[in-house]
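Worksheet: one structure, shown below.
We did not get these values from a lab; they are worked out from the coordinates using the rules stated. Since we're looking at a predicted model, the values are computed, not measured. All Cβ positions, even for glycine, are placed from backbone atoms using ideal geometry, and neighbour counts span all protein chains on display.
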Amino acid sequence: MSGRFWQPDVTVASVVFDAGRVLCVEERVDGRLVLNQPAGHLEPDEALVDAAVRETLEESGWTVEPTALIGLYQWKSPPRPGEADGRHFIRVAVVARPLAHDPDRVLDDGIVQALWLTPEALRAEAARHRSPLVWQVVADCLAGQRQPLSLLRQLR
């Protein structure tokens, strides 16, 4: 690592289902319009579950209640132009149920819209997924992968 401290980006993502559809966000990244779950970076001193709730609200306008851990995912992005190496991500994915929507909420920068897609429609848009994590967490959730949220413990 040439004397440099390596640290992956820790992100959280919420998989939210309602009436057979999954909550997605359409966002502009590097000039492309891509699809993702409501997801984002963990902030200092923030609990993982709280981060998932916050990111979902900020990116979609939906207040949610996480109900289970889907899994932990490790992924290395391809390098961007001018970068020697891609970024490393650790994603914590939870399944959550929708509680309330604020249609007037201003969404995070870069978010074009929140939308509900069937799993089939999301999978058909694979070329527009922000990363391979987008479909993988939904597929794992659909396959019934669930762990108790108590696995996500924050010690202070």
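What's the extension gain from Arg4 to Ala68 if we count 0.36 nm per residue and subtract their Cα-Cα distance? The partial results should precede the final answer.
Numbers: separation 64, 0.36 × 64 = 23.04 nm, distance 3.57 nm.
Here the answer is 19.5 nm.
Only four residue types carry charge here, +1 at the Cβ of Lys and Arg and -1 at the Cβ of Asp and Glu. Report the dipole size of the range 31-107 about the Cα centre in Debye, rounded to the nearest 20.
Working: 8 positive and 12 negative charges, 89 e Å.
The calculation lands at about 420 debye.
Residue farthest toward the positive end of the dipole of the chain, with Cβ of Lys/Arg at +1 and Asp/Glu at -1: which of Leu155, Trp116, Ala84?
Ala84
Antiparallel DSSP bridges in the chain: what percent, to the nearest 5? Display every interim value, and only then the final one.
Details: 30 of 39 bridges.
That works out to approximately 75 percent antiparallel.
Placing +1 on the Cβ of each Lys and Arg and -1 on the Cβ of each Asp and Glu in the chain, which of Leu69, Leu107, Val53 has its Cα farthest towards the positive end of the resulting dipole?
Result: Leu69.
Could you check how many percent of all C-alpha pairs in the range 1-70 are farther apart than 15 Å? Numbers along the way, then the final one.
Working: 1438 of 2415 pairs.
Counting every Cα pair in the range 1-70, those more than 15 Å apart make up 60 percent.
Between His41 and Arg105, take the C-beta separation as r, use R0 = 30 Å, and let me know the FRET efficiency to the nearest 0.05. The partial results should precede the final answer.
On the way: r = 20 Å, r/R0 = 0.65.
It comes out at approximately 0.95.
Treat every Asp and Glu Cβ in the range 97-137 as -1 and every Lys and Arg Cβ as +1, leave all other atoms uncharged, and give the resulting dipole magnitude about the Cα centre to the nearest 20 debye. Before the final figure, lay out each step's value.
Numbers: 5 positive and 6 negative charges, 42 e Å.
Dipole size: approximately 200 debye.
Where the only charges are on Cβ atoms (+1 Lys, Arg; -1 Asp, Glu), what is the dipole of the range 1-150 about its Cα centre, to the nearest 20 debye?
Values: 15 positive and 22 negative charges, 122 e Å.
Charge dipole, the range 1-150, about its Cα centre: 580 debye, nearest 20.
Between Leu151 and Glu125, what is the spin-label point distance in nm, taking each point 7 Å from the Cα along the Cα→C-beta axis?
2.8 nm
Near the amide H of Val16, under 5 Å away, which other amide H atoms are found, from residues 5 or more places off or on another chain, if H is placed in the peptide plane?
Answer set, sorted by chain and number: Leu23, Ala96.
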